[in-house]
Amino acid sequence: MTANLLDFDLEGLAAFCEQLGEKRFRAVQLFRWIHQKGASRFEEMTDLARSLRQKLPAVCHITDLPVLSRQDSADGTIKWLFDVGGGNAVETVFIPEEDRGTLCISSQAGCAVGCRFCSTGHQGFSRNLTTGEIVAQLWHAEHFLRNHQGKTARVITNVVMMGMGEPLQNYSALVPALRVMLDDHGYGLSRRRVTVSTSGVVPMMDRLAKDCPVALAVSLHAPNDALRDSLVPLNRKYPIAELLDACLRYLPAAPRDFITFEYCMLEGVNDQPEHAQQLLALVKGHGARGVPCKINLIPFNPFPDSGLKCSPRAVVLRFGHILNEGGLVTTVRKTRGDDIDAACGQLAGDVLDRTNAAQRLAQRRTVVEQPIQFHPSARERQT
Ligand code: SAH
Ligand code: SF4
């Protein structure tokens, strides 16, 4: 089997080229052709020596993920379902906003963490994606969007590792993929604009700080261990105090001076005023000066058999208001791509024979960060 060049960060590609007796600058040229120009055929790479162009196809290839479906929302959100073989599919979502374009990328087929409110978690774990499969989601989306929109410049400005899977449980594939995103010869994304979201794999948070510090989002979802144990089973291994310590250790290396805490609003479970008060006390009281953070409230997207409901809007706002009043910058994510979610039912039907994952994925919704107007004074106090 020959190598897929999407599997390599620049260092990996340089090592591969060295094996072929090629100098490093050839690797840079190849890397730029692949990631900056979206080339998938060596004959396109006109500034590579003809002899190299001729020898590459025998030893390597540039292979994208097969697309099972693409859905375009009226609000501009685009969702791809990629086939990763063995009856598994993963989802990638592009969310355009006025000042940025965000791509939400998957890191695993399924997930082993098994959070109660997550359809991916209910589905169980199939396998880790390779670096090439993580990178292919960006490669495909970026070059599709450029072609589609007739643009030569970058369309995707932000990446969030918030699709399927726990990125920090696929660490060895994740880090080279992040490096491709950040590399000036690759996608050239700023570290502040690449976010890894984790349910709290503490040792890997420490490693990420050393190996490839990017923006960090931590899925907290509960203000105490008893409740978090029941929602995020990984909490039994890495309880909240250890998780917050890891956040504090991460911050000095981080490109942003705060951690984003995600908090999925579940009716009657974690959405009461006392939970908000506990959350305030928790993050402000941890360590000597608290954990510098922002809170992202995520309205729960229901799916069959979850046994959970989304908190009513008024309850979400009340919760956010308490946090803001307490001095924590809090945003509520706005649901995007509603219409393609509606059409998702059909999508699931189409691919049902091929993949159970597709059906479950289709029930997930796309959300983006959207500040809501709380008390302006609360914001000012925080900053
Ligand atoms: N495994 C990582 C990243 C992928 S999940 C993590 O858990 O952080 C990305 C985000 O989607 C997480 O914050 C998770 O809480 C949220 N999420 C999962 N299922 C959801 C649902 N049904 N409704 C709303 N948000 C959900
Ligand atoms: Fe896995 Fe994240 Fe879903 Fe939890 S919320 S099951 S960690 S993907």
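Overview of values
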{"quantity": "Cβ charges +1 (Lys, Arg) and -1 (Asp, Glu), total dipole of the chain, debye", "calculated": "580"}
{"quantity": "Residues of the stretch 204-234 with amide N under 14 Å of the 7 Å Cα→Cβ point at residue 325", "calculated": "none"}
{"quantity": "Trypsin sites (Lys or Arg not before Pro) restricted to the stretch 104-191 and DSSP loop, no more than 14 other C-beta within 10 Å", "calculated": "151, 154"}
{"quantity": "Distance (nanometres) between label positions extended 7 Å along Cα→Cβ at residue 334 and residue 210", "calculated": "4.2"}
{"quantity": "Approximate spin-label separation residue 192-residue 49, in nm, with each point projected 7 Å along Cα-to-Cβ", "calculated": "4.3"}
{"quantity": "Considering only the chain, percent of DSSP beta bridges that pair antiparallel, nearest 5", "calculated": "50"}
{"quantity": "Cβ-based net charge around residue 27, under 12 Å, with every Lys or Arg adding one and every Asp or Glu removing one", "calculated": "-1"}
{"quantity": "Per-residue [θ]222 nm for the chain (sum of -39500 (n - 2.57) over DSSP H runs n ≥ 4, rounded to 500)", "calculated": "-11500 deg cm²/dmol"}
{"quantity": "Two-site FRET efficiency, residue 258 against residue 318, from Cβ-Cβ distance with R₀ of 22 Å, rounded to 0.05", "calculated": "0.40"}
{"quantity": "Across 79/294; 151/210; 79/151; 210/309; 37/334; 210/334, pairs whose alpha-carbon gap is larger than 29 Å", "calculated": "151/210; 210/309; 37/334; 210/334"}
{"quantity": "Normalised contact order of the stretch 138-202, rounded percent, pairs of Cα under 8 Å and 6 or more residues apart", "calculated": "33"}
{"quantity": "Distance in nm between pseudo-label sites at residue 281 and residue 58 (7 Å out along the Cβ direction from Cα)", "calculated": "7.1"}
{"quantity": "Degrees, to the nearest 10: 171-182 long Cα axis against longest axis of the chain", "calculated": "70"}
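Computed from the coordinates by the stated procedures, all read-outs in this text should not be read as laboratory data. All values reported here derive from a predicted model rather than from experimental measurement. With ideal geometry, Cβ positions are generated from the backbone for all residues, glycine too; neighbour counts draw on all protein chains shown.
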